[in-house]
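Worksheet: one structure, shown below.
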Amino acid sequence: MVVNNLLKSGFLAAFFLTFCIVKLLNFNLIAQQTYLQMKNKSLVSINDYSKGEQLKVLEAAREFEANPVQTILKDYVIASLFFEPSTRTRLSFESAINRLGGKIVGFSEAANTSVKKGESLRDSILTVANYSDLIVMRNPVEGSARFASEISPVPVINAGDGSNQHPTQTLLDLYSILKTQETLDDLHVAFVGDLKYGRTVHSLVIALCNYNTTFHLVSPVELKLPSSVKMHIKEKKLAYHQYTSMEEVIPQADILYMTRIQKERFSDPLEYERIKNSYILEKEMLHDTKRNLRILHPMPRVNEIHVNVDADPRAYYFQQALNGVYVRQALLSLILGIR
Ligand code: CP
């Protein structure tokens, strides 16, 4: 009887140990496959990366935040092609590359390049790919990043194409949400402002559809979220509510994602003048919020968040911009396959 019991518990222990080892090997295999899948993989739309791949970027970003100065990019040249103005995206990419020992070629305005002489985007990309291992590009034309990724022999990262997508901003937004909320699941996220032209909104809404988000969409009637983006919310059968005023949304939100009205996308300047001041968040409006509320903004800000909010502990937009460095370090190292 005793021998029988001993044999039985020995068998159970061996079974449990084998089960754990198989699980661990399986997990490592999946993680390894995710790394391999991301090597040389362009990022144009946020959905180009699976939820697992996006989470891999966030996990790597956490490691770079703990150790941001390294030399892992010392043998790499990154091209930074900005056909449209930028402060955060361009400089945080450059900061990320510099802190990892990499080199940068590129430009911050097309006026100083052969585009001015009539060179096509195709010819520019094929030429720059000769000089670099990866291309980061911002361009005002929607779809230009997809086109570049399809003809380029080196991977392309979309740093914003018109009012379409801004996937690297989304990854840093997800990282900021995860850091401040300790989860990405089941949050109430309020988007306020220009939901029609705001490419950061489009990419982030699509990404948050993976996490059972409740969406609160606040915009003037003329600047509602496009149906092509709303379709993603509907497909996942997630809750969304639309508003034209932000006051009733503030107490419900875990994340308040403010955006500017995008003057440069308006064909009628009078229309912009009419709605440019639709939403201005002031400190007094934050009297009744959830304790965990954080205010995010992809920036640049015009006047939609009053500077009197900046010192509030719920304001997180400058830390959010800093997070962009770690997330971009993670992305570059995964795409170049050096992690
Ligand atoms: N968030 C963002 O894209 O900012 P910039 O336009 O300054 O790059």
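Here, each number is a calculation from the coordinates, and none is a lab measurement. The shown structure was predicted, so the numbers you read here are calculated from the model rather than taken from an experiment. Ideal geometry is used to build each Cβ from the backbone, glycine not excepted, and the neighbour counts take in all protein chains shown.
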| request: Let me have the 222 nm mean residue ellipticity of the chain computed from DSSP H runs of 4+ only, each contributing -39500 (n - 2.57), with the sum over all residues rounded to the nearest 500. | output: -14000 deg cm²/dmol
| note | The answer for Ala315, listing residues at least 5 apart or on another chain whose modeled amide H is closer than 5 Å to its amide H, is Ile295
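Expressed in nm to one decimal, what extension gain is obtained for the pair Glu150 and Gln252 from 0.36 nm per residue of sequence separation less their Cα-Cα distance?
Values: separation 102, 0.36 × 102 = 36.72 nm, distance 4.23 nm.
Working it through step by step, the gained length comes to 32.5 nm.
Output needed for segment 168-322: three equivalent-ellipsoid semi-axes, defined as square roots of 5 times the C-alpha gyration tensor eigenvalues, in descending order, whole Å.
Numbers: eigenvalues 91, 76, 41 Å².
Each semi-axis is √(5λ); the values are 21, 20, 14 Å.
Most exposed first by the Cβ proxy, i.e. fewest other Cβ within 10 Å, how do Thr113, Thr89 rank?
Working: Thr113 15, Thr89 26.
The order, fewest Cβ neighbours first, is Thr113, Thr89.
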| Listed pairs Lys237/Lys263; Lys263/Lys283; Lys236/Lys283; Lys41/Lys276; Lys39/Lys234 exceeding 27 Å between Cα atoms | Lys237/Lys263; Lys236/Lys283; Lys41/Lys276; Lys39/Lys234
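Assuming R0 = 35 Å, can you tell me the calculated FRET efficiency for the pair Ile72 and Ser227, based on Cβ-Cβ distance, to the nearest 0.05? Walk me through the numbers before you get to the answer.
Details: r = 43 Å, r/R0 = 1.22.
Calculated transfer efficiency: 0.25.
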| Placing +1 at every Lys and Arg Cβ and -1 at every Asp and Glu Cβ, with all other atoms neutral, what dipole size does the chain have around its Cα centre, in debye to the nearest 20? | 780
| How many percent of Cα pairs in the chain exceed 29 Å? | 43
| For segment 109-136 and segment 229-293, distance of Cα centres in Å | 36
| task | Would you mind checking which residues have amide H under 5 Å from His216's amide H? H placed 1.01 Å from N; only 5 or more apart, or other chain. | result | Val189, Ala190, Phe191, His241
| note | Once both label points are put 7 Å beyond Cα along the C-beta direction, the Ser267-Tyr240 separation in nm becomes 2.4
